[in-house]
Amino acid sequence: MKTELEQVPEVMSEWLEDAVDTFHSADWWEKHIQQGCEDLIEVTVYESDQFEACWQDWINTGNEYAINDEKFLNRGLKELLNFVMIVVRKK
């Protein structure tokens, strides 16, 4: 997610159904992973710049799930989503 949402948009609920609670922002993931481990690990979390390319590769497969995903992306989902990259290093 690009940002945490106070209310989940309908398009996301339709697309993710029960998995909607698993999507979070980079900030959320960073805080969640570091919690209680600050002295043990270094965490770097950032937004990937490959979002469009990855989705296009998936859509180009012609897979029935990819075709369905494209419909949701075109309904506004791509304005909400990103790919979060997470690097965790032991101190």
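The values are calculated or read from the model by the stated rules, or taken from the named source; none is laboratory data. Here the structure is a predicted model, which means the values were calculated and not measured. Cβ atoms come from the backbone with ideal geometry, glycine included; neighbour counts cover every protein chain shown. With ligands, DNA and RNA removed, areas are computed over all heavy atoms of the protein, side chains included. Shrake-Rupley method; radii C 1.70, N 1.55, O 1.52, S 1.80 Å.
Hey, could you check region 46-83 for residues that are free of Cβ contacts under 8 Å to residues at least 60 places away in the same chain and of a type in the set (A, V, I, L, M) and say which is nearest to residue 8 (Cα to Cα)?
73
Among the residues of region 48-81, which ones are part of a helix (DSSP H, G or I), open to solvent by 40 Å² or more (accessible area, probe 1.4 Å) and under 18 Å from residue 2 (Cβ atoms)?
Of everything in region 48-81, those that are part of a helix (DSSP H, G or I), open to solvent by 40 Å² or more (accessible area, probe 1.4 Å) and under 18 Å from residue 2 (Cβ atoms) turn out to be 52, 53, 54, 74, 78, 79.
Restricting to region 10-30, give me the number of residues that are over 17 Å from residue 83 (Cα atoms) and not hydroxyl-bearing (Ser, Thr, Tyr).
5
In this structure, is residue 45 farther than 20 Å from residue 65 by Cβ, outside any loop (DSSP other than H, G, I, E, B) and in contact with a helix residue (DSSP H, G or I) (Cβ under 6 Å, 6 or more places away or on another chain)?
Details: farther than 20 Å from residue 65 by Cβ: yes; outside any loop (DSSP other than H, G, I, E, B): yes; in contact with a helix residue (DSSP H, G or I) (Cβ under 6 Å, 6 or more places away or on another chain): yes.
Considered against the rule, which asks whether it is farther than 20 Å from residue 65 by Cβ, outside any loop (DSSP other than H, G, I, E, B) and in contact with a helix residue (DSSP H, G or I) (Cβ under 6 Å, 6 or more places away or on another chain), residue 45 comes out as yes.
Return the residues of region 19-42 that are more than 15 Å from the chain's Cα centre (by Cα) and either within 20 Å of residue 68 (Cβ to Cβ) or among the charged types (D, E, K, R) (or both); say none if nothing qualifies.
31, 38, 39, 42
Working carefully through the options 88, 43, find the one that is in contact (Cβ under 8 Å) with a residue 40 or more places away in the chain and open to solvent by 40 Å² or more (accessible area, probe 1.4 Å).
After ruling out the rest, the residue left standing is 88.
Identify, please: which residue in region 11-40 is open to solvent by less than 90 Å² (accessible area, probe 1.4 Å) and in a loop (DSSP other than H, G, I, E, B) and is, among those, farthest from residue 91 (Cα to Cα)? Please lay out each step first, then the result.
Step one: filter region 11-40 for residues open to solvent by less than 90 Å² (accessible area, probe 1.4 Å), giving 11-16, 19-20, 22-26, 28-30, 33-34, 36-37.
From what is left, the residues that are in a loop (DSSP other than H, G, I, E, B) are 23-25, 36-37.
Details: 23: 28, 24: 25, 25: 24, 36: 14, 37: 10 Å.
Checking each candidate, the answer is 23.
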